[in-house]
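Where a number appears in this text, it was derived from the coordinates with a stated rule and is not lab data. Worth saying up front: this structure is predicted, and the values here are computed from it rather than measured. FYI the Cβ positions are ideal-geometry reconstructions off the backbone, even for glycines, and counts take in every protein chain you see.
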């Protein structure tokens, strides 16, 4: 059903409407060897440019998704950060949260993370998981599921939810920044698809690889942790557009800004990050029915090239002070780019990395489609929370979005060879 038009904003701004076998050695050599793509520099193709929960429209740009380095490219698992934080965005993602079983304690949690870590070291190189890591009775290594595939820039990033610390007897070590997120006005959250004790974020340029790796991770958790929820996402081939037709990836902050640093950071978290995950359904039928000018006013950018309505090119800074001859602001008071800008949020920014999803139709016949949004930051209390609270106060774009799932995880720092994820926490 088309959305109805609405009158201008109170300050006279332009009207914004609302709705209602592992690859063979020969293959790798003929492809030029394994290209190391350790994360660093500007992150690629992060999030919807202009979509809700943005940290702002100012900062370093990003470079779009895509098969950077080719399907044989390997992202090293070990390093100062976990792969997947600074790594340019891959084409496909599997997000999965797990809950511990009734018998889990610190020792069992340590064994699980050590098992997952050892498996990840092989998987990112396009190798099958060694049989000794498999649960009793498993013969998965004999299926040849990875035969003929390549690493495809695979990354596995592991996170810890708030309840992880209670289940492992480490409640006192839970960071204050891992406090529950507040409820926002546009939230319509499904508890069964929110939260979780453990996060595994799987990114790759091959959808088959992400599916196989999720299955592997789930199998290796047998008897210790069960899958709570999983979500699957993708990008456009060129990484440029989202399902609303907007140009993606404009002016994202340098991903280094998402890292936890400083002398007060716990050793296990230094070099890590926090990530907020939101499944945001787009009301595409309403959005598609709007006049193009209304869609641009809701966002504050041109649909054709992503340039701000105040002029220039896609990466031209938005001039929030610009006004028409009659004094009316060019960027409406409730336009997304205004409310999401750092200037409107005491300098708060987020490193956004997102993927589209389309899960068919809902019971009412409308698309079950939208955005899997991940927001990375050193402290959600000074990053995600203030930005989202601001957006909750009348953001025009939010009228066409429904926030259906939410989760917050602490992402431990990187892993050295011979170690495992969160070892400093669990053995400290």
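Some points to look at:
- Cα gyration tensor shape for segment 327-393, rounded if a/c is under 1.5, else prolate or oblate: oblate
- Segment 274-428: C-alpha gyration tensor shape, a/c 1.5 cut-off, then a/b vs b/c: oblate
- Label-to-label distance, nm, for residues given as residue 238 and residue 319 (7 Å Cα→Cβ offset): 2.8 nm
- Global form of segment 88-236, assessed from the alpha-carbon gyration tensor, a/c cut-off 1.5: oblate
- Simple label model, 7 Å out from Cα along Cβ direction - residue 222 to residue 389, nm: 4.7 nm
- Ranked by how many other beta carbons lie within 10 Å on average, peptides 419-428, 180-189 from highest: 419-428, 180-189
- Peptide packing: for 375-384, 139-148, the average count of neighbouring Cβ atoms within 10 Å per residue gives the ranking 375-384, 139-148, highest mean first.
- Entry note, segment 107-230: relative contact order of 33 percent, from Cα contacts under 8 Å with a spacing of 6+ residues.
- Approximating the spin labels as points 7 Å out from Cα along Cα→Cβ, the residue 288-to-residue 171 distance works out to 5.1 nm.
- Mean Cβ neighbour count within 10 Å, used as a protection proxy, ranking 100-109, 151-160, 385-394 highest first: 151-160, 385-394, 100-109
- Pairs of Cα atoms nearer than 8 Å and 6+ residues apart set the relative contact order; for segment 183-318 it is 15 percent.
- Mean separation of Cα contacts under 8 Å, 6 or more apart, over the residue count of segment 177-258: relative contact order %: 19 percent
- Sites residue 326 and residue 207 - FRET efficiency at Förster radius 35 Å, r taken between beta-carbons, to 0.05: 0.10
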